[in-house]
Amino acid sequence: MKLRSIAGLAFAFAVAAPVGMALDSGGANAATTVQTCVKLAGSATISPGLTTVPHNVTITAHGTLTSCTPSKATGGGGTITATIHQTGASCQKLASGGTFAGSSTTKWKNGKSSPGTFKGTTTSKAPTTATISGKINSGLFAGKLISGHIQFKPGSGNCSPSAPIKSLTFTSNYGGTNHPFTVHS
C-alpha cells in the first residue's frame, strides 16, 4: 500500500493550529483578519500506528507558527499542540477522504494562549492536503475563527501490521507557495 494512503491524517496536524487562512477577500461579509502567520510546520505521532486493519488511534501533533503579524498581539509566533482521537482508522479509510475533528492549543511567544477546536477535510483527489476550519474557544482571540491548509509527508512504514505508519511531518509551505494561517472574524 502506498504511503499517501494515509492522507486523511493531514487534518490532524493542520488543525493543530488555532490560526487559519481567511478566505473572504471583500464585500459585506468579508472576514476581518486579526492575526496572520506566514508558516506552520511540525510533526505528529500516531499511536499505536496506522495499518490496513481498522482500529482506534490517537494523533498528537506539535508545530511552530512563524512570522506572525501584528507581532504585538502574539510576540510574532508560537507553538501548537493538537489531539485527535479516531475510531476505526485505517490507511484505506483515510485515503478515501473525509472529515475529522479535534482540539488544539496555541501558546504564543508573549505567554498568552488560544485553546480551540477544529475540523478538517481531505479528499481522495488530494489525499495529502487538508483544509482546516475551527474556532478559538478562550484566551487570546476568543470567539474568532480559524482556517487554512497544510500538506503532510508520512514517516517510515507501509501500513502493514508489521510496519505501521507512526509519524509524519507537515507544513503550510507547499507547491512553491506559503499558505498563511490567519485568525479572523
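The values are calculated or read from the model by the stated rules, or taken from the named source; none is laboratory data. Keep in mind the model is a prediction, meaning the values are calculated, not measured. Here Cβ is always computed from backbone atoms with ideal geometry, including for glycine, and neighbour counts include all displayed protein chains.
If I go through region 62-97 residue by residue, how many of them are small (Gly, Ala, Ser) and in contact with a Gly (Cβ under 6 Å, 6 or more places away or on another chain)? Reasoning before the result, please.
Applying the first criterion (small (Gly, Ala, Ser)) to region 62-97 yields 63, 67, 71, 73, 75-78, 82, 88-90, 95-97.
Subset that is in contact with a Gly (Cβ under 6 Å, 6 or more places away or on another chain): 63, 82.
Final tally of qualifying residues: 2.
Please count how many residues of region 47-65 are within 14 Å of the chain's Cα centre (by Cα), buried (at least 17 other Cβ atoms within 10 Å of the Cβ) and touching a residue at least 40 places away in the same chain (Cβ under 8 Å).
4
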Take the residues in region 130-172 that are assigned to a strand (DSSP E or B) and of a type in the set (Ser, Thr, Tyr); name whichever of them is nearest to Ser67 (Cα to Cα).
Thr171
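Would region 155-168 turn up any residue that is of a type outside the set (Ser, Thr, Tyr) and farther than 29 Å from His55 by Cβ? Break it down into steps so the answer makes sense when it comes.
Let us first name the residues in region 155-168 that are of a type outside the set (Ser, Thr, Tyr), namely 155, 157-159, 161, 163-166, 168.
Then keep just the ones that are farther than 29 Å from His55 by Cβ; that gives none.
Checked region 155-168: no residue is of a type outside the set (Ser, Thr, Tyr) and farther than 29 Å from His55 by Cβ.
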Is there any pair linking a residue in region 67-85 that is touching a residue at least 60 places away in the same chain (Cβ under 8 Å) to one that is outside any strand (DSSP E or B) and surrounded by 16 or more Cβ atoms within 10 Å (Cβ to Cβ), with Cβ under 6 Å and at least six apart or on different chains, and which?
Ile80/Ala16; Ile80/Ala17; Ala82/Val15; Ala82/Ala16; Ile84/Ala12
Determine which single condition Cys68 fails, assuming it passes every other condition in (1) crowded, with 22+ Cβ neighbours inside 10 Å; (2) modelled with pLDDT under 95; (3) under 17 Å from Val183 (Cβ atoms); (4) of a type outside the set (D, E, K, R).
(2)
